[in-house]
1. Among what's in region 89-111 and is open to solvent by less than 40 Å² (accessible area, probe 1.4 Å) and under 30 Å from Ile16 (Cβ atoms), pick the residue that is nearest to the chain's Cα centre (by Cα).
2. In region 20-51, what residues are in a helix (DSSP H, G or I) and of a type outside the set (S, T, N, Q)?
3. Considering only region 31-49, state which residues are open to solvent by 100 Å² or more (accessible area, probe 1.4 Å) and closer than 15 Å to Thr128 by Cα.
4. I'd like the residue in region 3-19 that is outside any helix (DSSP H, G or I) and out of contact with any helix residue (DSSP H, G or I) (no Cβ under 8 Å at 6 or more places or on another chain) and, out of all such residues, is surrounded by the fewest Cβ atoms within 10 Å (Cβ to Cβ).
5. Restricting to region 58-106, and then to whatever is outside any helix (DSSP H, G or I) and of a type in the set (S, T, N, Q), can you tell me which residue is modelled with the lowest pLDDT?
6. Run down Ile114, Ile126 and say which single residue is open to solvent by less than 50 Å² (accessible area, probe 1.4 Å) and either out of contact with any Cys (no Cβ under 9 Å at 6 or more places or on another chain) or over 17 Å from Leu7 (Cα atoms) (or both).
7. Quick one: would you say Ala39 is at pLDDT 95 or above and of a type in the set (Gly, Ala, Ser)?
Amino acid sequence: MRLYHFLNAEYGLLNIRHRRLKIGRINELNDPFEFLGVATKSAGLRRRYQRLKDGLNEYMGLVCFSANWNNPVQWGHYGDRHRGICLGFEVSAQAHKVTYVSERLLARPSAMKIEGPKAATHVNEILTTKFEHWSYEDEYRLFPQLQ
């Protein structure tokens with residue numbers, strides 16, 4: 001699948017020269033509410049989700065791509081205000097499509113109590129869900145483990 005990665009020209013040229021892409025960190029994303037989009041009134045449960053986010057930040061990073069290269073808003077936000085570059089890749093690794101929603105995710109505290117398929121599904125939902133206003137990104141994500 002062909003996916004695109006926007007960045008400023010300086011880093012883009014370095015990435016081409018060194019054949020690498022920067023792995024982003026979960027706690028350094030543009031949207032501070034990223035991975036915390038779960039609806040709950042419980043302060044304790046919000047702290048649990050924050051600990052989950054912090055744990056994921058230590059364990060893995062992410063590389064963000066778009067399914068298209070010609071959106072002027074993306075060039076403005078991610079392509080160094082229209083002065084950067086956009087690199088296209090044939091991505092064969094497991095790229096996760098982001099889902100855009102109008103309502104926050106439901107908290108699932110029971111899914112977070114033990115490891116297993118329910119927990120993995122809920123974590124994947126958290127990792128790949130964003131507010132609908134970000135839908136112009138048409139985003140896909142890779143989640144490489146940090147080593």
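1. Val98
2. Ile26, Glu28, Ala43, Gly44, Leu45, Arg46, Arg47, Arg48, Tyr49, Arg51
3. Answer for region 31-49, where residues must be open to solvent by 100 Å² or more (accessible area, probe 1.4 Å) and closer than 15 Å to Thr128 by Cα: just Phe33.
4. Among those residues, the one meeting the criterion is Arg19.
5. Among them, the one singled out is Ser92.
6. Going through Ile114, Ile126 in turn, the sole match is Ile126.
7. So Ala39 fails the test.
The values are calculated or read from the model by the stated rules, or taken from the named source; none is laboratory data. Just so it is clear, the structure is predicted and the values come from calculations on it, not from any experiment. So basically every Cβ, Gly included, is an ideal-geometry build from the backbone, and we count neighbours across all protein chains shown. With ligands, DNA and RNA removed, areas are computed over all heavy atoms of the protein, side chains included. Shrake-Rupley method; radii C 1.70, N 1.55, O 1.52, S 1.80 Å.
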